[in-house]
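Supplied in structure tokens, the structure appears directly below.
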Amino acid sequence: MSRNIALPAALLAALLFATPASARSFTVSAAGNSPSVAVDGGGTTHIVWDTVDDATKTSTTHYCKVLRSGKACAAGTERTFAPAMGDRDFAGPRVYLPGGGRVVVVTSRCCSSLDGPDGQSHGTQVIRFLSSDGGGAFDAGAWIGGTQTPDVGAAFAPGDVFLAFGISAGGTGVAASPITGFTGPTNTITPILALSGGIGVGATSTIAAFNDRNSVYWAKLAGDPNAPGAWGTPAKLATGDDTQVTSGPKGPDVFYKVGESHARYVVRRLTAAGTGFGKAVTVSESGYPIFGNVAQDPAGRIHAAWVGRYGLTYRESSTSGRSFGKLRALAKGTRYFHLVLAADIKGRATVAFDGNGDASRVGGYTIG
């Protein structure tokens, strides 16, 4: 005769969760917003965030490094960029490590109307700052984009191209800007207004994925990303929302939420042929997880974080992306917004967040 056995709460927790002992918290600002992170080969976190001056409403972009055991910015590493008085960065800054000791910080400003390098008037400035010595010193910056801000998503593509993905005049569009050049117009790829989404760059394929109110769509790039028709017609991938996209060597992953009363995050990896996706793999607990985001590391692991019934929660996949380890509860509570992740080839990850305001805590956890 079978019997149901009630497990003690402590034993149940041990079965469900990996130990969070290797997760260390840090804070880089008590009055910032909109972080972005990258992790270098030594496990050091490169982080950027925005602050806003109350009097002038001017955004300043901040950058620093956080060591694996660090609780704040490493001494002497913080840099600031304030390229446009009175203008705001509504999309948030980005940071990339494209190799060769380079650090690229990209930030946008709205809404002063200025004449761009193309001779046209633009109300948006997408500006990049480049360091060639691992973040020790940055150049004076360059205006690389004049219309499209990365308010839905962004990626750094081969050839040193910044891909800004966001709402455009005709729907949702992309602007591909070489960091040594300038791109003025937006290439509108769909009349659908994306509520969330991103750009994913793999070894052989680049995709855009996004959702409207209840459907997730994807489109694959063929040719020049700024050329009309280069993204084809987006196709429906699934019913879902809260979409995010990774870039990485194993091909882009599309991460999104499915279900209603028993909602959960799932992820699907683009096939090697680039013509479709593998089956959906469940990542989060069932319930109503929110604010989920993902990143792929240089070995192909997927790193995911969200806020759910256990608080701020993290999980890591195998290099195939087809299976995940135990959940890690990094912190209790729900006051963790705008989650971003990055990890190095050894799987050492960083999860960063803000407190959902122009002047809130910006911090995170280093894991591994």
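The values are calculated or read from the model by the stated rules, or taken from the named source; none is laboratory data. No experiment lies behind these values; they were computed from the predicted model shown. Using ideal geometry, Cβ is built from the backbone for each residue, glycine included, and neighbour counts are taken over all protein chains shown.
For segment 285-315, how many residues meet the condition of being buried (at least 20 other Cβ atoms within 10 Å of the Cβ) and either in a strand (DSSP E or B) or out of contact with any Phe, Trp or Tyr (no Cβ under 8 Å at 6 or more places or on another chain) (or both)? Steps first, answer last, please.
Filtering segment 285-315 for residues buried (at least 20 other Cβ atoms within 10 Å of the Cβ) gives 289, 292-297, 301-308, 310, 312-315.
Checking which are either in a strand (DSSP E or B) or out of contact with any Phe, Trp or Tyr (no Cβ under 8 Å at 6 or more places or on another chain) (or both) leaves us with 292-297, 301-308, 312-315.
Qualifying residue count for the region: 18.
When you scan segment 166-264 for strands (runs of 3 or more DSSP E) that lie fully inside it, which ones turn up with 3 or more residues that are within 19 Å of Pro150 (Cβ to Cβ)?
Passing ranges, in order: 171-178, 187-190, 196-201, 206-211, 215-220, 241-245, 253-258.
How many residues are acidic (Asp, Glu) and either over 19 Å from the mean Cα position of the chain (by Cα) or over 24 Å from Thr243 (Cβ atoms) (or both) when one looks only at segment 326-368?
2
Kindly provide the set of residues from segment 71-103 that are over 22 Å from Gly153 (Cβ atoms), in contact (Cβ under 8 Å) with a residue 24 or more places away in the chain and not in a loop (DSSP other than H, G, I, E, B), ordered by number.
Scanning segment 71-103 gives a single hit, Arg79.
Take the conditions in contact with a strand residue (DSSP E or B) (Cβ under 7 Å, 6 or more places away or on another chain) and among the β-branched types (Val, Ile, Thr) and apply them to Ile199. Does it pass? Full working, then the answer.
Values: in contact with a strand residue (DSSP E or B) (Cβ under 7 Å, 6 or more places away or on another chain): yes; among the β-branched types (Val, Ile, Thr): yes.
When the stated conditions are applied, Ile199 passes them.
Give the residue that is farthest from Val201 (Cα to Cα), with candidates limited to residues of segment 239-262 that are surrounded by fewer than 19 Cβ atoms within 10 Å (Cβ to Cβ) and among the small types (Gly, Ala, Ser).
Taking the candidates together, the pick is Ser261.
Let me ask you something else. So Phe138 fits all but one of (1) hydrophobic (A, V, I, L, M, F, W, C); (2) surrounded by fewer than 23 Cβ atoms within 10 Å (Cβ to Cβ); (3) more than 26 Å from Thr44 (Cβ to Cβ); (4) in contact with a Phe, Trp or Tyr (Cβ under 8 Å, 6 or more places away or on another chain); what number is the exception?
Condition not satisfied by Phe138: (3).
I want to confirm something. Restricting to segment 193-226 and keeping residues that are touching a Pro at 6+ places or on another chain (Cβ under 8 Å) and in contact (Cβ under 8 Å) with a residue 60 or more places away in the chain, which single residue is surrounded by the most Cβ atoms within 10 Å (Cβ to Cβ)?
Gly200
Looking at (1) at pLDDT below 95; (2) under 22 Å from Ile207 (Cα atoms), which is the one condition that is false for Thr275?
(1)
Could you tell me which residue of segment 82-96 is nearest to Gly42 (Cα to Cα), considering only residues that are surrounded by fewer than 21 Cβ atoms within 10 Å (Cβ to Cβ) and touching a strand residue (DSSP E or B) at 6+ places or on another chain (Cβ under 7 Å)? Can you show your working first?
Filtering segment 82-96 for residues surrounded by fewer than 21 Cβ atoms within 10 Å (Cβ to Cβ) gives 82-86, 88, 90.
Remaining after also requiring touching a strand residue (DSSP E or B) at 6+ places or on another chain (Cβ under 7 Å): 82-84, 86, 88, 90.
Values: Ala82: 29, Pro83: 30, Ala84: 34, Gly86: 37, Arg88: 33, Phe90: 31 Å.
By that ranking, first place goes to Ala82.
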